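Colleague: Input: one structure, supplied below.
Read-outs throughout are calculated quantities, based only on the coordinates presented, and are distinct from any laboratory measurement. Keep in mind the model is a prediction, meaning the values are calculated, not measured. Heads up, the Cβs are rebuilt from the backbone with ideal geometry, glycines too, and the neighbour counts pull from every protein chain shown.
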Amino acid sequence: METRRIFNRIAILRSDRNLSRVELAKAIGVNFQTIGYLERQDYNPSLDLAFKISEYFEIPLEVIFSTSPFSPLGEELLKAQTKRGDQNE
């Protein structure tokens, strides 16, 4: 069976919080290199690791991880604003 590629937003979340790979790794109990592998999608996280990351950032799993590429956050924010504008009319 072929392994699916898991896309993630870990690098964006770290950047938003001015967090290094080493700091995140220590907080969730992995080697800092694991964070790099995850960010480059060289490695898919275990379910346990995915939950640790989700819990650390206090963000639902599906916001951090996906089986399809994420669109840029700017695009998603624009869609959300447009959707809100349509609902207010």
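Colleague: Compute the signed sum of charges (Lys and Arg +1, Asp and Glu -1) over the other residues within less than 13 Å, Cβ to Cβ, of Ser54.
Modeller: On the way: positive: Arg9, Lys52; negative: Asp48, Glu55, Glu58, Glu62.
My count for the surroundings of Ser54 gives -2.
Colleague: Here is a follow-up. About the Cα centre of the chain, how large is the charge dipole given +1 on each Lys and Arg Cβ and -1 on each Asp and Glu Cβ? Please answer in debye to the nearest 20.
Modeller: Dipole size: approximately 220 debye.
Colleague: Now, a different point. Taking the chain as the reference, fit the longest principal axis to its C-alpha atoms, fit the long axis of helix 73-88 to the helix C-alpha atoms, and give the angle between the two in degrees, 0 to 90, nearest 10.
Modeller: 30 degrees
Colleague: Within the P(r) computed for the chain, what percentage of the Cα pairs occupies the region above 15 Å? Provide the component values of the computation, followed by the final result.
Modeller: Values: 2454 of 3916 pairs.
Across the chain, Cα pairs with separations above 15 Å total 63 percent.
Colleague: A further question follows. Note the full-extension length gain between Gln81 and Glu62 as 0.36 nm times their separation in residues minus their Cα-Cα distance, in nm to one decimal.
Modeller: 4.8 nm
Colleague: Please give every one of the lysines within straight-line cross-link reach of Lys26, meaning a C-alpha to C-alpha distance under 18 Å, and leave out same-chain neighbours fewer than 8 residues apart.
Modeller: Qualifying lysines at Cα under 18 Å: Lys52.
Colleague: Along the charge dipole of the chain, Cβ charges K/R +1 and D/E -1, which of Ile59, Ser20, Phe70 sits furthest on the positive end?
Modeller: Projecting each Cα onto the dipole axis, the largest value belongs to Ser20.
Colleague: Take every Cα pair under 8 Å in the chain that's 6+ residues apart, average their separations, divide by the length, and report that relative contact order as a whole percent.
Modeller: 34 percent
Colleague: Where Rh denotes the Kirkwood radius from the mean inverse Cα pair distance, what is Rg over Rh for segment 46-89?
Modeller: Using only Cα positions, Rg/Rh for segment 46-89 is 1.14.
Colleague: Just to check I understand the Karplus step: with θ = phi - 60° and J = 6.51 cos²θ - 1.76 cosθ + 1.60, what whole-Hz values come out for segment 32-46, glycine and proline as x?
Modeller: Listing the rounded values in order: 4, 5, 4, 4, x, 4, 5, 4, 8, 6, 7, 8, 8, x, 5 Hz.
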